[in-house]
Amino acid sequence: MSDQPTAAERFLNGILPENPVYRQLLGMCPTLAVTNGMKPAITMAGATAFVLIMSNIIVSLIRGLLKPHLRILVFTLTIATFVTIADRFLAAYMYDMSKQLGPYVPLIIVNCLIISRAEICASKQSLGTAVADAVGMSLGFALALASIATVREILGSGTWFGINVLGTGWPAWGIMVLPPGAFLTLGLLLGGAEWFGKRRSSRAQTG
Amino acid sequence: METVSSLILIFIGAALINNFVLHYFVGICPFLGVSRKIETAFGMGLAVTFVITIASILSWAFTYYILRPGAPLPVWVWQVMGGAEGATVDLSVLSYIMYIFVIASSVQFVEMYVRKFQPKLYTSFGVFLPLITTNCAILFACLEIMKHLQDPTRLWGLHEALALAIGGGIGFTIAISLMAGIREELDLADVPAALKGAGIALIVAGIMAMAFMGFTGVDRGVEQALAALIGR
């Protein structure tokens with residue numbers, strides 16, 4: 001398969017050029033729901049990365065056995081298995097965080113990012129490429145979650161990772177840690193990313 | 001009467017106060033993807049409500065009889081197999097796999113039924129039905145129901161699960177139809193180029209979420225009104 005991207009390309013694509021959140025608009029539920037602070041956002045990114053990497057490995061290993069009409073079911077069951085493992089792990093070792101993330105850990109099962117990587121990359125390419133792709137996509141996802149969480153936590157409670165950065169006089173913008181803040185922040189950041197990307201491509205054309 | 005008012009409260013809570021889309025952020029994909037025209041958005045809302053109801057009934061039954069801690073069926077199987085008396089079996093670790101199975105197969109069955117017996121409805125649902133499998137709103141409803149089946153002293157019955165599911169589905173329909181209405185008008189507005197598409201849709205959703213925050217406390221008012229009605 002010479003027309004498929006190589007491992008290095010897959011890895012780099014995931015971080016910025018095909019960033020799952022900003023470019024492909026995948027995995028929006030966790031992006032909006034857990035970004036009211038850096039800690040839940042990073043935990044979520046870690047859990048998603050674990051599930052994505054493991055499911056890409058398994059799907060890539062069994063790609064010769066997949067039947068076209070059953071493949072989506074196989075992907076979903078693989079993902080559900082690893083999500084159960086991640087969920088039990090969080091409940092055992094990070095109980096408070098697991099309580100705070102609540103239903104969003106099991107909701108990783110229906111995160112379109114993971115199933116789309118299984119479909120686009122892992123079911124067609126070899127193990128090394130699939131792992132590189134999963135790591136790149138996970139980094140891109142973590143980057144996106146971290147950027148949104150940074151804006152929301154700093155504006156919403158004046159802290160970053162729980163450390164006070166804006167001083168005690170900051171009137172916390174409560175709305176930023178509530179649901180509307182998530183929509184507004186992501187909308188504006190998406191606009192910013194779009195504007196930045198357009199400006200760079202037009203400059204590349206003229207210059 | 002107690003149960004009726006608690007059902008109404010669960011319903012209002014799921015539909016308005018803790019709207020699935022605007023409060024819990026589930027079902028964002030169709031909310032952003034299929035909200036360009038009111039008719040398709042409403043169709044999507046109905047399809048989701050339909051599937052959520054069926055999937056919730058099934059997952060309630062599975063959770064109540066098999067998956068929850070202290071469920072009757074595994075214990076019975078255990079004793080028939082010759083296991084010790086009084087053992088408890090907790091299969092909740094299988095819940096997620098079970099739910100995704102239930103959702104995928106109920107979507108499949110609904111699709112077959114609608115295609116066979118309601119061809120008109122089928123053409124109007126179009127591609128939405130298979131897409132619903134990966135709609136987080138449905139899994140979320142199952143998970144909420146599961147949460148209320150963990151404590152053996154206060155178990156949710158099927159009617160409560162149904163109130164949550166139908167409320168959530170109707171809340172989703174309301175949100176996505178409102179969004180489609182706004183976006184139809186938005187096509188005529190002068191939006192900055194960078195924000196066109198998803199950006200402005202998310203900002204509109206943010207403002208809608210603020211408006212829906214105004215429903216906080218409606219449940220208490222309804223509760224008082226119901227209590228007054230019953231008291232009279």
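The values are calculated or read from the model by the stated rules, or taken from the named source; none is laboratory data. What you see is a predicted model, and the numbers here were worked out from it, not measured in a lab. Don't worry about glycine lacking a Cβ; one is built from the backbone with ideal geometry, like all the others, and counts go over all protein chains shown. We work out accessible area using only protein heavy atoms, side chains counted, and drop any ligands, DNA or RNA first. Shrake-Rupley method; radii C 1.70, N 1.55, O 1.52, S 1.80 Å.
One table, with the values for the structure above:
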read-out	value
Choice from A:Pro179, A:Pro30, A:Pro68 with maximal GNM fluctuation in chain A (Cα, 10 Å cutoff)	A:Pro68
Ranked by how many other beta carbons lie within 10 Å on average, peptides B:179-187, A:124-132, A:42-50 from highest	A:42-50, A:124-132, B:179-187
Cα→Cβ-extended label distance, 7 Å offset, between A:Leu166 and A:Tyr95, nm	3.4 nm
Mean Cβ count within 10 Å, highest first, over the residues of peptides A:87-99, A:14-26, B:81-93, B:156-168	B:156-168, A:14-26, A:87-99, B:81-93
Student exercise, the stretch A:7-150 dipole from Lys, Arg, Asp, Glu Cβ charges, in Debye to nearest 20	220 debye
Within a Gaussian network of chain B (alpha carbon springs, distance under 10 Å), most fluctuating of B:Ala201, B:Ala141, B:Ala15	B:Ala201
Estimated inter-spin distance, A:Gln4 and B:Asp151, nm [label 7 Å along Cα→Cβ]	5.1 nm
Among A:Ile109, A:Ala142, A:Leu32 - extreme Cα towards positive end, dipole of the stretch A:7-150, charges at beta-carbon	A:Ile109
Under the span-like rule (Cα at least 30 Å along the axis, Kyte-Doolittle mean at least -0.5), DSSP H helices of chain A	A:38-61, A:71-93, A:127-157, A:179-206
Helical segments meeting 27 Å axial Cα length and Kyte-Doolittle 0.5 threshold in chain B (DSSP H)	B:38-62, B:95-117, B:158-186
GNM top mover of A:Leu77, A:Leu12, A:Leu188 - chain A, alpha-carbon springs below 10 Å	A:Leu188
At R0 = 51 Å, FRET efficiency that the Cβ-Cβ distance of B:Phe117 and B:Thr88 yields, to 0.05	0.75
CD proxy at 222 nm, helix term only [per DSSP H run n ≥ 4: -39500 (n - 2.57); per residue of the protein assembly as shown; nearest 500]	-22000 deg cm²/dmol
Alpha-carbon Rg/Rh ratio, for chain B, with Rh computed the Kirkwood way	1.05
Label-point gap, in nm, between B:Ala189 and B:Gln108 - each point 7 angstrom along Cα→Cβ	4.3 nm
For residues of B:86-98, the mean tally of beta carbons on other chains within 10 Å	2
Alpha carbon centroid spacing (whole Å) that separates the stretch B:136-162 from the stretch B:176-232	26 Å
Shielding of B:8-18 by partner chains, average beta-carbon count, 10 Å	0
Neighbouring partner chain Cβ atoms per residue of A:81-87, average, 10 Å criterion	2
Total accessible surface hidden between A and B, rounded to 100 Å², 1.4 Å probe	3000 Å²
Solvent exposure of the stretch A:7-150 as accessible area per residue, Å², 1.4 Å probe	38 Å²
Chain B, relative contact order [Cα under 8 Å, separation at least 6], %	41 percent
